[in-house]
Amino acid sequence: MHPSPAFRPKDDEIAALLVREIGFGAIFLTTPDGPRVAHVPILLSDDARTLRFHLARGNALTRHLDGATCLAVVQGPDAYVSPGDYGDLAKVPTWNYVAVEMEGVARKCDRAALIALLDDVSAAHEARVAADSPWTRAKMEPAQFGRMVDAITGFEIAVRGWRTTLKLSQGNPVEVMGRVRDALSARGHGALAQLMQHLTALKDHDL
């Protein structure tokens, strides 16, 4: 769908918050073998300037990424919107969605940086699990962990461009956005409805 400027958030922090909350994305690169994509857990630095991830050594991207300009994409919740949701059958169907694109040059990490990445990723997500005894690599045999590290390659992207799209029916009056939000929530799209609620509150405040 066309990423209209109307769907670009004014708050730059929103994109970073979405990337950190979702924590999973796709890395796209045009290689000598053709276009390729890898789906990976990702970790964004505190200053939102560096994106870290790892790939299996056998992944088609691994041997081409170092020094290449690539595109990382994080997709948030999405849902079909029926004209009936607007209460106006003269409208056409559409799709509400959230997407964050990050462009930059990828660099291969050394072994120490790769291990630090693995520690940081597991710590971030184990904290969300709220387990009494969160997993760490200390619970593995060192030799087994070493073999697994040998099977992957770490990368970091120096992010030099962000393109964020929040298409959440915001071109409509607040009351219409509310009807769409309620319809999506009733169909099980709770995360998207919550984002729309937040946007509706901001819009209502501005009005």
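The values are calculated or read from the model by the stated rules, or taken from the named source; none is laboratory data. Since we're looking at a predicted model, the values are computed, not measured. Glycine gets a Cβ as well: all are built from the backbone with ideal geometry, and neighbour counts include every protein chain shown. For the accessible areas, the whole protein counts, side chains as well, though only heavy atoms, and no ligand, DNA or RNA atoms are used. Shrake-Rupley method; radii C 1.70, N 1.55, O 1.52, S 1.80 Å.
Values for this structure:
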| item | result |
| --- | --- |
| Residues being charged (D, E, K, R) and within 11 Å of the chain's Cα centre (by Cα) - total across region 16-43 | 2 |
| Which listed residue, of Arg160, Arg128, Arg147, Arg107, is more than 22 Å from the chain's Cα centre (by Cα) and under 30 Å from Arg57 (Cβ atoms) | Arg147 |
| Test: residue in region 148-170 that is modelled with pLDDT of 95 or more, open to solvent by less than 60 Å² (accessible area, probe 1.4 Å) and out of contact with any strand residue (DSSP E or B) (no Cβ under 8 Å at 6 or more places or on another chain) | yes |
| Filtered residue count, region 25-75, keeping only those that are charged (D, E, K, R), within 21 Å of Asp119 (Cβ to Cβ) and free of Cβ contacts under 8 Å to residues at least 40 places away in the same chain | 2 |
| Residues within region 175-189 that are open to solvent by 30 Å² or more (accessible area, probe 1.4 Å) and assigned to a helix (DSSP H, G or I), tallied | 6 |
| Members of region 106-122 found to be surrounded by fewer than 13 Cβ atoms within 10 Å (Cβ to Cβ) and either of a type in the set (A, V, I, L, M, F, W, C) or modelled with pLDDT under 95 (or both), listed by number | Ala112 |
| Qualifying residue in region 124-139 (condition: surrounded by fewer than 14 Cβ atoms within 10 Å (Cβ to Cβ) and at pLDDT 95 or above) | no |
| Count - residues of region 51-96 that are within 12 Å of the chain's Cα centre (by Cα) and open to solvent by less than 40 Å² (accessible area, probe 1.4 Å) | 6 |
| Some residue of region 152-172 being over 30 Å from Thr69 (Cα atoms) and out of contact with any helix residue (DSSP H, G or I) (no Cβ under 8 Å at 6 or more places or on another chain) | no |
| Where a residue in region 144-157 is more than 9 Å from Leu114 (Cβ to Cβ) and free of Cβ contacts under 8 Å to residues at least 60 places away in the same chain and its partner, wherever it lies, is open to solvent by 10 Å² or more (accessible area, probe 1.4 Å) and assigned to a helix (DSSP H, G or I), with Cβ under 8 Å and at least six apart | Phe145/Arg137 |
